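The values are calculated or read from the model by the stated rules, or taken from the named source; none is laboratory data. This structure is a prediction, so every number in the text was calculated from the model and none was measured. All Cβ positions, glycine included, derive from the backbone under ideal geometry; neighbour counts span all protein chains shown. What goes into the accessible areas is simple: the full protein's heavy atoms, side chains included, and nothing from ligands, DNA or RNA. Shrake-Rupley method; radii C 1.70, N 1.55, O 1.52, S 1.80 Å.
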Amino acid sequence: MTDPFLVSILLIAFLAFGGLSMGLSMICGSSVYLIMKGFDPSIASETLLQGLFNSYTLLAIPLFILAADIMNIGSLADRLLQFSQALVGRFKGGLGHVNVVSSLIFSGMSGSAVADAVGMGKIIINMMTKDGKYSASYAAAITAASATIGPIIPPSIPMVLYALVSDQSVGYLFAAGMAPGLLMGVVLMVMNAVIAHRRNFSVDEVVSLRDMPGVTFRAIPALLLPVILLGGIYGGVMTPTEAAAVAAFYALTISVVVYRSVRLGQFYETLLASARSTATVGILIAGALTFQYVVTRENVPDSLAAFLGQYELSRVGFLLAINALFLVLGCILESGAILLIIVPIFIPTAQSLGIDLVHFGVICVVNAMLGLITPPYGLLLFIVSTITKQPLARIVRDLLPFLFALVVALMIITFVPDFVLWLPRMLGYKG
């Protein structure tokens, strides 16, 4: 028990399970490691500051958070839901389809699963449960499942975190998430259709074709945001960080000037909420950067690669093991911790097996998002449970078919790399 690295790991686990944030737990555990090793504890501060200040890309995170929060207080979410309902609400289980499609569209604006569940989720859950057509637990389940798409379709805060630890292009990672995100939406809609026919859900209120142009016109300013963002990034006009600033400014302008749905007091509260969310992510990143120094000092990635090399794992075997490990870790760790602490350990092994790191990044992010809907830690489960006042056990029961569908999508994403990489390659990626 006197091994500094073991003591550090145990201390981090003890503090985290005791209620301290994962970021602060890692900072404490890393500091104890440095002291036991006889190093200057100020190395932790130096490593932390260098990691934060040397990564311009990290500025995108608070800006995307702010953009998502502004969209949630404005009427953008309402108009996007109306557009989604007009588009797919006419089918059996229509509001379930609306739930998924609205998440697909909102994903192109927020980059956050939590923002999707909190903003769009509240509205669509109320729509689904209003007339008793859908049980509250079913509405909560499909809302949590569809919210996982948010960080897959660009922009994506988890992709930015992966870019930080893997030194890959944020732009190419964003492009690689497009097809997988759409695939996740398709499998969820297929599963919703199957369940709708099994449970004989009634057809929801249909928007007439005569009203379609008006609904679409009112949603156009909101629908233009993903076009501006992605067009700017891939057209070479702006970096992902600059695109995040444009997203926040555009969302504010549309909400205040066009829709006139944001008051000064609401905007002030939104700034405070965004600052709190940014601080939470910042502490996690700071702790991960400090702990990465400890992991590097202990030569953990090389040791792990040598250990796995003894078993002569193939590329397929390694990816299967990674998926299994990450799905289990998702039950007990938050997604940010997985991406910032666990993923960097496996990157050298992935490289040695010839796995493309952009493809590997998408696999890791999808796994991390599935962790948001797996008990007992699943953050999205707690959010939708709070919204619907439903017990977790009932939500999880209705969630299982959607989780199965998402795992099927994960297998396709994992073992068909060309499906993930065709768009980045079209945009100039050489991997």
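Annotations for the structure displayed:
- When the GluC sites (Glu not before Pro) in the range 229-318 are filtered for DSSP coil states and for at most 14 other beta-carbon atoms within 10 Å of their beta-carbon, the remaining sites are Glu312.
- Once the Cα-Cα distance is subtracted from the 0.36 nm per residue extended length, the Arg315 to Leu272 segment shows a gain of 10.9 nm.
- Within a Gaussian network of the chain (alpha carbon springs, distance under 10 Å), most fluctuating of Leu230, Leu353, Leu58: Leu353
- Each label was represented as a point 7 Å from its Cα along the Cα-to-Cβ direction; for Ile332 and Leu20 these points are 1.9 nm apart.
- In this calculation the C-beta distance from Thr386 to Val7 is compared with R0 = 35 Å, giving a FRET efficiency of 0.45.
- Put a dot 7 Å past the Cα of Ser352, heading toward its Cβ, do the same for Thr296, and the two dots end up 1.9 nm apart.
- Taking one quarter of the surface of the C-alpha convex hull of the chain gives a mean projected area of 21.4 nm².
- In the range 231-332, the C-alpha radius of gyration followed by the widest Cα-Cα span (Dmax) gives 21.9, 63 angstrom.
- You can think of it this way: the chain between Glu46 and Leu325 has 97.2 nm of extra reach, that is 0.36 nm per residue less the Cα-Cα gap.
- For a straight C-alpha distance cut-off of 28 angstrom, the lysines reachable from Lys122 (same-chain residues fewer than eight places away being disregarded) are Lys92, Lys130, Lys133, Lys389.
- The simple Förster model, with R0 at 41 Å and r as the Cβ-Cβ distance, assigns Ser135 and Lys430 a FRET efficiency of 0.25.
- By a 1.4 Å probe calculation restricted to protein chains, Asp78 has an accessible surface near 70 Å², given to the nearest 10.
- Placing pseudo-labels 7 Å out from each Cα toward the beta carbon at Ala279 and Val237 gives an inter-label distance of 3.6 nm.
- For the chain, built as a Gaussian network whose Cα springs stay under 10 Å, the top-fluctuating residue of Asp398, Asp211, Asp116: Asp211
- For the range 173-303: rounded, prolate or oblate by the Cα gyration tensor [a/c cutoff 1.5]: oblate
- Shape class of the range 159-220 from the Cα gyration tensor (axes a ≥ b ≥ c, square roots of the eigenvalues): oblate, since a/c reaches 1.5 or more and a/b does not exceed b/c.
- The average projected area of the range 359-419, computed from the convex hull of its Cα atoms over all directions, is 4.3 nm².
- Prolate/oblate/rounded label for the range 329-431 (Cα gyration tensor, a/c 1.5): prolate
- Surface composition of the range 360-418: carbon plus sulfur atoms hold 74% of the accessible area, using a 1.4 angstrom probe and ignoring ligands, DNA and RNA.
- The GNM of the chain, with springs linking C-alpha atoms under 10 angstrom apart, assigns the highest mean-square fluctuation among Gly354, Gly378, Gly96 to Gly354.
- Order of exposure, largest accessible area first, which applies to Val190, Val101 with probe 1.4 Å: Val190, Val101
- Computed over protein heavy atoms with a 1.4 Å probe, the accessible surface of the range 233-346 works out to 49 Å² per residue.
- At full extension, Phe249 and Ala393 could sit 47.8 nm farther apart than now, given 0.36 nm per residue minus the alpha carbon distance.
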